[in-house]
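The values are calculated or read from the model by the stated rules, or taken from the named source; none is laboratory data. This one's a predicted model, so the numbers in the text were calculated from it and none came from an experiment. No Cβ is skipped: glycine too gets one built from the backbone with ideal geometry, and neighbour counts run over all protein chains shown. For accessibility, only protein heavy atoms count, side chains too; no ligands or nucleic acids. Shrake-Rupley method; radii C 1.70, N 1.55, O 1.52, S 1.80 Å.
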Amino acid sequence: MKRILVVRTDRVGDVVMITGLLRELRKQFPSSYIGTLTQPNTAQILLHNPNIDIVLTDDLKKGSFIKIVKEIRKHKFTYGLLIMPTERASYQMFIAGIKYRIGVGHKLYEVITFMKSVSRNNYKPLRHEADYDMDLARKIGVVTNNIQPEIFVTKEERTESIQFLGNYGITENDFKIIVHTGSGGSAPNWSENKYFLLIKAILENFDKYNIKIILTAIETSHDFLKKIHALEPKKVINLSDQLGNLRELIKVISWSDIFICSSTGPAHIADALNIKAITLHCNRAMNCATHWGVLNKRSVNLQITDEYCRNHCSADQNECAFENGISVDQVIKNVKYLIKMK
């Protein structure tokens, strides 16, 4: 029986990307024992996932290295998939005695620990991040092209969440549009002023619908909220400081009818929950929709054109003119499209 540890200790969107891999491992090796190693915060993405037997966490603090090694060893894993190279996890898997370990590329610490590897081939031709992740599962025998991520929310969690939303005047029958204005610096993004214009346009264009706009980004500024409050307080609800952890955000997103966001972690959460989404993407290879786009068929990836990028961004791409590369009108047009979609 295979005992497989999947390691991804980076950010929210990165961990969402391994959920398709976990499903395909379970499908290919139904009797296997599958574990994950992530940070404590991102482990909340994996709660109630039927494809996982054990969720291990590493807070990446100095004193916890040996503790994690002992925990990994206890589960007697025979395979370790290090989805993105980190020196810490490479040594943890090696010292814990995982016999067959696969990483990405040929970092010195991977060579020293005798790790096998797959190559991303300098991202040519460019593929989706979830597809690159799946290459490690393919290396041990998985055969699939299904890279769709998935997150599981229980009935009880959904009930708790709609009760929570009810405290803010949001009901199950409202048409709920989440506008997540932050990106945590993980991707180019609009300014809050541009998001303000979008929210104003949503209120003006969809008055006949029972619209509730929900704000969820922790980066939301006081000045932005003051401007928003001056619009229609009963229709624009700020939850940015009311969600205590990532799981609470996941539960709220599970109730949204449309989710609007730049190419960042919460967009991938919406994707994995099969929520209709509109995501905003830069043209650069590492941020574009080909690499980081929402995958579910109910969503729209809006990307700045190559021509706009060449004319307005610096040649070295350090100066990004993202703000005006995608218009409010483009988003509104796609909100109309998604509202009509069943």
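Candidates are the residues of the range 101-132 that are of a type in the set (A, V, I, L, M, F, W, C), in a loop (DSSP other than H, G, I, E, B) and more than 25 Å from the chain's Cα centre (by Cα); the one that is farthest from HIS291 (Cα to Cα) is PHE114. Is the range 264-283 home to any residue that is open to solvent by 10 Å² or more (accessible area, probe 1.4 Å) and in contact with a His (Cβ under 7 Å, 6 or more places away or on another chain)? Scanning the range 264-283 turns up at least one residue that is open to solvent by 10 Å² or more (accessible area, probe 1.4 Å) and in contact with a His (Cβ under 7 Å, 6 or more places away or on another chain).
Scanning the range 192-235 for residues that are within 21 Å of GLY265 (Cα to Cα) and among the small types (Gly, Ala, Ser) gives ALA217, SER221.
Within the range 172-192, residues that are more than 20 Å from LYS234 (Cβ to Cβ) and open to solvent by 40 Å² or more (accessible area, probe 1.4 Å) reach partners that are assigned to a helix (DSSP H, G or I) and of a type in the set (Phe, Trp, Tyr) with beta carbons closer than 8 Å, at six or more positions or on different chains, in the pairs GLU192/PHE224. Taken over the range 38-82, the criterion of being open to solvent by less than 40 Å² (accessible area, probe 1.4 Å), touching a helix residue (DSSP H, G or I) at 6+ places or on another chain (Cβ under 7 Å) and outside any helix (DSSP H, G or I) is satisfied by THR38, ASN49, ASN51, ILE52, LEU56, ASP58, GLY80, LEU81, LEU82. Does ASP133 satisfy being among the charged types (D, E, K, R) and surrounded by 20 or more Cβ atoms within 10 Å (Cβ to Cβ)? It is true that ASP133 is among the charged types (D, E, K, R) and surrounded by 20 or more Cβ atoms within 10 Å (Cβ to Cβ).
Scoring ALA201 on the criteria (1) more than 14 Å from SER240 (Cβ to Cβ); (2) open to solvent by 40 Å² or more (accessible area, probe 1.4 Å); (3) in contact with a helix residue (DSSP H, G or I) (Cβ under 9 Å, 6 or more places away or on another chain); (4) at pLDDT 95 or above leaves a single failure, condition (2).
Scanning the range 83-109 for residues that are in contact (Cβ under 8 Å) with a residue 40 or more places away in the chain and of a type in the set (Ser, Thr, Tyr), we see that the one that is least open to solvent (accessible area, probe 1.4 Å) is THR86. Inside the range 283-328, can you point out the residues that are without any contact (Cβ under 8 Å) to a residue 24 or more places away in the chain and part of a helix (DSSP H, G or I)? Once the filter is applied, which keeps residues that are without any contact (Cβ under 8 Å) to a residue 24 or more places away in the chain and part of a helix (DSSP H, G or I), the range 283-328 yields ASP306, GLU307, ARG310, ASN311, HIS312, ASN324.
If you go through the range 233-263 and keep only what is in contact with a Phe, Trp or Tyr (Cβ under 9 Å, 6 or more places away or on another chain) and of a type outside the set (A, V, I, L, M), you end up with ASN238, GLN242, GLU248, LYS251, ASP257, SER262, SER263. Residue count for the range 204-240 under the criterion of being touching a strand residue (DSSP E or B) at 6+ places or on another chain (Cβ under 7 Å) and hydrophobic (A, V, I, L, M, F, W, C): the result is 10.
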